[in-house]
Amino acid sequence: MWNLSVPSWELIVRSVVVYGFLLIVLRLTGKRQIGQLAPFDLVLLLVLSNAVQNSMNAGDNSLIGGLISALTLLVLNYIVGWITFKSKKASAWVEGQPEVLVHNGRIFQQVLDREKLTRHELETAMRQAGCATFTDVHFAILENNGSITVKKKS
């Protein structure tokens, strides 16, 4: 329970590598994956966390090893949060930037395709904002968190 089977520095390095890998992969999958979890997205995240567990702990199932890995991940998350708070460039890379989906009734299909959003998902957000058709929309923006903000024409 208390004895590590690998050196503590190795647990830290492994945790850093896995954290960085997952940050890059999840960032590349787009905003929708993070902000609008469908059931299959949640299953993917759960299975993904299980898949990378052994690469982080190198087979070490000790209590101390788990605590070292967890602490490393928490510290990394704090550091990334601090860096994105201080740097707009880092924030744009890690969190992304809002994307205009519709402006004055004109749909930007290339943005929908790039962000892997369907028209149905966009239309759902429009209906929630009280817009029946695209011509009713002043703008629709995909936010950093994956939500869609729709402003109706006045």
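The values are calculated or read from the model by the stated rules, or taken from the named source; none is laboratory data. The model shown is predicted, which means the values in this text are computed figures rather than measured ones. Note that we place each Cβ from the backbone using ideal geometry, even for glycine, and neighbour counts take in every protein chain shown. Calculation scope for accessible area: heavy atoms of the full protein, side chains included, ligands and nucleic acids excluded. Shrake-Rupley method; radii C 1.70, N 1.55, O 1.52, S 1.80 Å.
Details
- Residue match in region 121-130 (condition: surrounded by 12 or more Cβ atoms within 10 Å (Cβ to Cβ), closer than 21 Å to LEU28 by Cβ, in contact with a Gly (Cβ under 9 Å, 6 or more places away or on another chain) and touching a residue at least 60 places away in the same chain (Cβ under 8 Å)): no
- Applying the set (1) at pLDDT 90 or above; (2) assigned to a helix (DSSP H, G or I); (3) open to solvent by less than 40 Å² (accessible area, probe 1.4 Å) to VAL75 leaves exactly one unmet item: (3).
- The residues in region 55-84 that are more than 18 Å from ILE24 (Cα to Cα) and of a type outside the set (D, E, K, R) can be counted, and the count is 14.
- The set of residues from region 106-120 being open to solvent by less than 80 Å² (accessible area, probe 1.4 Å) and closer than 23 Å to LEU26 by Cα comprises GLN109, VAL111, LEU112, GLU115, LEU117, THR118.
- Top-ranked residue of region 26-50 - restricted to ones that are over 21 Å from GLN110 (Cβ atoms) and either open to solvent by less than 70 Å² (accessible area, probe 1.4 Å) or among the polar types (S, T, N, Q) (or both), ranked as modelled with the lowest pLDDT: ALA38
- Test: residue in region 4-25 that is modelled with pLDDT under 75, in a helix (DSSP H, G or I) and open to solvent by 80 Å² or more (accessible area, probe 1.4 Å): no
- When region 131-150 is filtered for residues that are in a helix (DSSP H, G or I) and exposed (fewer than 13 other Cβ atoms within 10 Å of the Cβ), only THR135 remains.
- Residue, farthest from THR135 (Cα to Cα), within region 78-105, restricted to residues that are assigned to a helix (DSSP H, G or I) and open to solvent by 90 Å² or more (accessible area, probe 1.4 Å): TYR78
- The numbered conditions (1) out of contact with any helix residue (DSSP H, G or I) (no Cβ under 7 Å at 6 or more places or on another chain); (2) in contact (Cβ under 8 Å) with a residue 24 or more places away in the chain are all true for TRP82 except (2).
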